[in-house]
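The values are calculated or read from the model by the stated rules, or taken from the named source; none is laboratory data. It should be emphasised that the depicted structure is a prediction, and the values quoted were computed from it without experimental measurement. In this analysis, Cβ positions are derived from the backbone assuming ideal geometry, glycine residues included, and neighbour counts consider all displayed protein chains. The area values use the complete protein model at the heavy-atom level, side chains included, leaving out ligands, DNA and RNA. Shrake-Rupley method; radii C 1.70, N 1.55, O 1.52, S 1.80 Å.
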Amino acid sequence: ATSPRRGQLLTALEGEGAAADPSSDEAALLREARHDYDRATRLPRSLVEEISRVTTLSQQAWVEARKTSRFSQFLPWLEKVVSLKRQEAEAIGYDGGVPYDALLDAYEPGAKTADVSAVFTPLRNELVELVSRIQGSSVRPDIDILTRRYPVDAQREFSIDAARQIGFSFDEGRLDIAAHPFCSGFGPGDCRLTTRFDEHHFPGAFFGTLHEAGHGIYEQGLDREQYGTPLGDSTSLGIHESQSRMWENLVGRSRAFWQRFYGPAQQAFSEALGEVEFDEFYSAVNDVRPSFIRVEADEVTYNLHIMLRFELEQALVAGDLQPADLPGVWNETFARYFDLTPPDDAQGCLQDIHWSAGLIGYFPTYALGNMYASQFFGAARIALGDLDAQFAEGEFQPLKQWLNENIHRHGRRYRAADLVKRVSGADLSHQPLMSHLRGKFEELYRL
Ligand code: ZN
């Protein structure tokens, strides 16, 4: 990746005008290969080694600090990581005086902090307002029905069946059990998903499987002729996340989806759901309530967890926030957005692995994923007609094929912002996501 020969070849190809037509595959290939080469060669070897060494130790310190909720144990490591990531940003370079741009670019190539802020700020303001209206509603879904007994074998079968129906190919992939759910592509024809089952928590494994299957469908939809080149690779973490969130939330938590799946669910889990009405179940899987832990958050409040991290990590990188002040500022900001104060740092600023692993600039891709998903879904509705009627009939192929055609097969041909514009005809906006959330939750909570 850093060989001088590669640099010479890139320069020669650029000089030959191989990319004269900016819309050609050659131009996209060169642009992305150049991007990766520049990022890789701008980092001095000593810095790469130091980041690797420090983040390995720092993750171990974080595990211990989180166990006992002692931020002071993690603080010296966080200071080191932030300082190294700042050096990384300096080495890579950035325009406009925003070092965070250089870090964000590793996960969301081409994205700029200012553009992300421009869509996150209105999203945050409108979410805070929506969450507080939901909090004020007298409707309280009965979520206890989701922690009744759901035998693990039945959960596995039911989850695999749903993943297959939405279009994940088990001829070219499989589902296994792991402590942390993930999706990993090992090349064309081999995509591995993992999940974890809890006999007394239905949504964890089920929606987790839909989520990972969404990632898997993207991997399986990449152009295998282009395997090994940027055109055969996913374009950004945010776009990857848009695919998982679309199947998990926009499809999997929709009324139409459960019109198809609730009957079979009642059969598979007759002890837990035999007597439960459709609406009761549908409300329970769409329960919204502010909570401390990001990975357990619902579809509405999830994004606020990201807004908080995005602001704080920018401030850390800019030097406006000292690592020692993180717990206090975390809790204050959390209280402003959620009207709750974390009881300890394990449920506050120590909950995520990302910063200890040097993954600064990663968090915004989760909320970008939710926004991209809603914007794509709106375009799919226009192109495919009544998606709800299709889902209720168990027809997921039209949506899956539309995603293959419009998103997956392009690989890195289009950067995320360009892809959104190309697919939806408009720049990224918070509005499609907000109108989805308002439409769904105003009805559910009778607002
Ligand atoms: Zn994901």
Q. If only one of 328, 361, 319, 348 is under 24 Å from residue 119 (Cβ atoms) and either touching a helix residue (DSSP H, G or I) at 6+ places or on another chain (Cβ under 9 Å) or away from the ligand (no atom under 16 Å from the Cβ) (or both), which one is it?
A. 361
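Quick one: which residue in 447, 368 is under 30 Å from residue 134 (Cβ atoms) and in contact with a Lys or Arg (Cβ under 6 Å, 6 or more places away or on another chain)?
On the way: 368 fails: in contact with a Lys or Arg (Cβ under 6 Å, 6 or more places away or on another chain).
Matching residue, one of 447, 368: 447.
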Q: Could you look through region 229-240, keep only residues that are away from the ligand (no atom under 16 Å from the Cβ) and crowded, with 17+ Cβ neighbours inside 10 Å, and pick out the one that is nearest to residue 287 (Cα to Cα)?
A: 233
Q | Positions within region 117-132 being open to solvent by less than 60 Å² (accessible area, probe 1.4 Å) and among the acidic types (Asp, Glu), in sequence order | A | 126
Q) When you go through (1) farther than 30 Å from residue 217 by Cα; (2) among the aliphatic types (A, V, I, L, M); (3) surrounded by 13 or more Cβ atoms within 10 Å (Cβ to Cβ) one by one for residue 114, which number turns out not to apply? A) (3)
Q: Go through 372, 414 for me and flag whichever is of a type in the set (Phe, Trp, Tyr) and surrounded by fewer than 21 Cβ atoms within 10 Å (Cβ to Cβ).
A: 414
Q. Quick one: would you say residue 243 is within 16 Å of the ligand (Cβ to nearest atom), modelled with pLDDT of 95 or more and farther than 23 Å from residue 433 by Cα?
A. no
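Suppose we filter region 270-297 for residues that are in contact with a Lys or Arg (Cβ under 7 Å, 6 or more places away or on another chain) and under 22 Å from residue 210 (Cα atoms); how many remain? Let's see the steps before the verdict.
Here is the first cut: in region 270-297, the ones in contact with a Lys or Arg (Cβ under 7 Å, 6 or more places away or on another chain) are 271-272, 282, 285-286.
Within this subset, residues satisfying the condition of being under 22 Å from residue 210 (Cα atoms) are 272, 282, 285-286.
Count: 4.
For region 257-273, indicate whether the set of residues that are open to solvent by less than 30 Å² (accessible area, probe 1.4 Å), at pLDDT 95 or above and within 15 Å of the ligand (Cβ to nearest atom) is non-empty. Quick ask: steps written out before the conclusion?
Residues of region 257-273 open to solvent by less than 30 Å² (accessible area, probe 1.4 Å): 257-258, 261-262, 265, 269, 272-273.
Now narrow it down to the ones that are at pLDDT 95 or above: 257-258, 261-262, 265, 269, 272-273.
Restricting the remaining residues to those that are within 15 Å of the ligand (Cβ to nearest atom) gives none.
No, because not a single residue in region 257-273 is open to solvent by less than 30 Å² (accessible area, probe 1.4 Å), at pLDDT 95 or above and within 15 Å of the ligand (Cβ to nearest atom).
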Q. Just to be sure, is residue 413 in contact (Cβ under 8 Å) with a residue 60 or more places away in the chain and either part of a loop (DSSP other than H, G, I, E, B) or within 16 Å of the ligand (Cβ to nearest atom) (or both)?
A. yes
(Q) Any residue that is closer than 30 Å to residue 419 by Cα and modelled with pLDDT of 95 or more - is there at least one of those in region 44-64? (A) no
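What helices (runs of 4 or more DSSP H) lie completely within region 1-97 and have 1 or more residues being farther than 30 Å from residue 228 by Cα? Talk me through it step by step, then tell me what you get.
Details: elements: 4-15, 25-42, 45-68, 71-92.
Helices (runs of 4 or more DSSP H) meeting the threshold: 45-68, 71-92.
Across region 324-369, which residue is surrounded by the most Cβ atoms within 10 Å (Cβ to Cβ) among those that are of a type in the set (Phe, Trp, Tyr) and in a helix (DSSP H, G or I)?
Initial filter on region 324-369 (of a type in the set (Phe, Trp, Tyr)): 330, 334, 337-338, 355, 362-363, 366.
Now drop any that are not in a helix (DSSP H, G or I), which leaves 330, 334, 337-338, 355, 366.
On the way: 330: 21, 334: 21, 337: 19, 338: 22, 355: 28, 366: 20.
Once the filter is applied, the top-ranked residue is 355.
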Q: Examine region 268-276 for a residue that is touching a Leu at 6+ places or on another chain (Cβ under 8 Å) and hydrophobic (A, V, I, L, M, F, W, C), and state whether such a residue exists.
A: no
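Name every residue in region 176-193 that is modelled with pLDDT of 95 or more and away from the ligand (no atom under 12 Å from the Cβ), in order of residue number. Let's see the steps before the verdict.
Step one: of region 176-193, the residues modelled with pLDDT of 95 or more are 190-193.
Passing the criteria: 190, 191, 192.
If the requirement is being open to solvent by 10 Å² or more (accessible area, probe 1.4 Å), away from the ligand (no atom under 15 Å from the Cβ), closer than 27 Å to residue 110 by Cα and in a helix (DSSP H, G or I), which of these qualifies: 219, 225? Please lay out each step first, then the result.
On the way: 219 fails: away from the ligand (no atom under 15 Å from the Cβ).
Sole residue among the options that is open to solvent by 10 Å² or more (accessible area, probe 1.4 Å), away from the ligand (no atom under 15 Å from the Cβ), closer than 27 Å to residue 110 by Cα and in a helix (DSSP H, G or I): 225.
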